[in-house]
Amino acid sequence: MGGALLAGLRGANLAPDVLVVDPDPPRGPERAVASLADIGDFRPDLVVLAVKPGLIAAIAPQLRTRLSDDVAVVSFMAGVRLARLRELLGESPTLIRVMPNLPMALGVGVCGLYAPASAKAGALGRTIALLEGCSLVLRVPHEDDLDAVTAISGSGPAYVFRFAESLTRAAVDLGLPLPVAEQMARQTLIGAGVQLNCDPSPFDLLCDRVASPGGTTAQALAVFGAAGGLDDLVGRAVKAATARARSLALEA
C-alpha cells in the first residue's frame, strides 16, 4: 500500500519530499534505502508505516529514536491498535491509523482514517492533505471501526475483481469466447463504476433502472437476493475479513 500511495501521488504530480525505506527499494524518483540504519540524521515530519503487522515490533526501536513531538506516524497496518503502537513508539509522535485501498495508485482510492482526540492539528492536517492527493478520506469515530473499513474498502477491490472473474466464467459457460467474455465483464464493471460515480441515486433505484418487472435482470437479481444468495455470501465474506483484521492485533 505504500507503493500505491507513492504511485497515486506521482500521478497527481503531488509527491512531496519522500524517503522510502524498503528491504528491496523500489525504483522511482524518491530517495530509497534498504534499512533505517542507512538514513543518517534524517528527521521526518510524517512517517507512513506500510509494513506487515508482524514486522512492526522489529523495526520500532530504530524508528522510535527518530520521532519528534510534532511528527505524524500514519499506520496502514490492519489490526494493529494505537495502544500497541504507543507502546512501541513512545509518547512523542501523533499516531493516526488509516486503511487505504489499491485504487489509490490510480488516484481514485478511499481511505478510512481514525485519529484520537489527542492528535495534534498540524500532524493530522498534513496526513489528510497527503492522502487527499489520491484518495477520498473518510474519518471514522472509533478505532474499532477500522476493522470494518478493512473488510469493506480495503479488501473490496479484490471482491470486485473476483466478481469479474465469476462473470467471465458464466459467460464462457454460456458459449461466449473467453476474450469476448473477459472484455465484456471488464467494461460492464467499468461502466457501472462510472455510473455510480456520476449518479448519486440509491443503489436499489439504480438496479430498478436496469431491471424491468419480469425481465431477465429481475430473474438474476431474485437469485442474488434468495437465501444463500449474493447478499448472504457478501455478508459472510465481510464478517470473515473483519474477524481476521481483529485477530491481527494479537500477532503484532
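Is it true that some residue in segment 59-80 is within 22 Å of Leu6 (Cα to Cα), touching a Gly at 6+ places or on another chain (Cβ under 6 Å) and not hydroxyl-bearing (Ser, Thr, Tyr)? Within segment 59-80, not a single residue is within 22 Å of Leu6 (Cα to Cα), touching a Gly at 6+ places or on another chain (Cβ under 6 Å) and not hydroxyl-bearing (Ser, Thr, Tyr).
Of all the criteria given as (1) surrounded by fewer than 20 Cβ atoms within 10 Å (Cβ to Cβ); (2) within 23 Å of the chain's Cα centre (by Cα), the one not satisfied by Leu95 is (1).
Would you confirm whether or not segment 225-238 contains a residue that is among the basic types (Lys, Arg), within 30 Å of Gly54 (Cβ to Cβ) and free of Cβ contacts under 8 Å to residues at least 60 places away in the same chain? Within segment 225-238, one or more residues are among the basic types (Lys, Arg), within 30 Å of Gly54 (Cβ to Cβ) and free of Cβ contacts under 8 Å to residues at least 60 places away in the same chain. In segment 54-68, is there at least one residue being outside any helix (DSSP H, G or I), in contact (Cβ under 8 Å) with a residue 24 or more places away in the chain, of a type in the set (Lys, Arg) and exposed (fewer than 14 other Cβ atoms within 10 Å of the Cβ)? No, because not a single residue in segment 54-68 is outside any helix (DSSP H, G or I), in contact (Cβ under 8 Å) with a residue 24 or more places away in the chain, of a type in the set (Lys, Arg) and exposed (fewer than 14 other Cβ atoms within 10 Å of the Cβ). All of (1) in contact (Cβ under 8 Å) with a residue 40 or more places away in the chain; (2) of a type in the set (A, V, I, L, M, F, W, C); (3) open to solvent by 40 Å² or more (accessible area, probe 1.4 Å) hold for Met77 with one exception: (3). Do we find a residue being of a type in the set (Ser, Thr, Tyr) and modelled with pLDDT of 85 or more anywhere in segment 29-44? No, segment 29-44 contains no residue that is of a type in the set (Ser, Thr, Tyr) and modelled with pLDDT of 85 or more.
The residue pairs whose first member lies in segment 206-224 and is under 21 Å from Gly193 (Cα atoms) and modelled with pLDDT of 95 or more, whose second member is part of a loop (DSSP other than H, G, I, E, B) and not small (Gly, Ala, Ser), and whose beta carbons are closer than 8 Å, counting only pairs six or more residues apart or on different chains, are Leu206/Asp199. Here the helices (runs of 4 or more DSSP H) wholly within segment 171-252 that include at least 2 residues being within 30 Å of Val80 (Cβ to Cβ) and of a type in the set (Gly, Ala, Ser) are 230-248. Select from segment 160-188 the residues that are surrounded by 13 or more Cβ atoms within 10 Å (Cβ to Cβ), of a type outside the set (Asp, Glu) and touching a helix residue (DSSP H, G or I) at 6+ places or on another chain (Cβ under 6 Å) and list them in ascending order. The answer is Ala164, Leu167, Thr168, Ala171, Val172, Ala181, Ala185. Among the residues of segment 148-156, is there at least one that is under 16 Å from Arg97 (Cα atoms), in a helix (DSSP H, G or I), touching a residue at least 24 places away in the same chain (Cβ under 8 Å) and touching a Lys or Arg at 6+ places or on another chain (Cβ under 8 Å)? Yes: segment 148-156 contains one or more residues that are under 16 Å from Arg97 (Cα atoms), in a helix (DSSP H, G or I), touching a residue at least 24 places away in the same chain (Cβ under 8 Å) and touching a Lys or Arg at 6+ places or on another chain (Cβ under 8 Å).
The values are calculated or read from the model by the stated rules, or taken from the named source; none is laboratory data. The structure displayed is predicted, hence computed values, not measured ones. FYI the Cβ positions are ideal-geometry reconstructions off the backbone, even for glycines, and counts take in every protein chain you see. Accessible surface areas use protein heavy atoms only, side chains included; no ligands, DNA or RNA. Shrake-Rupley method; radii C 1.70, N 1.55, O 1.52, S 1.80 Å.
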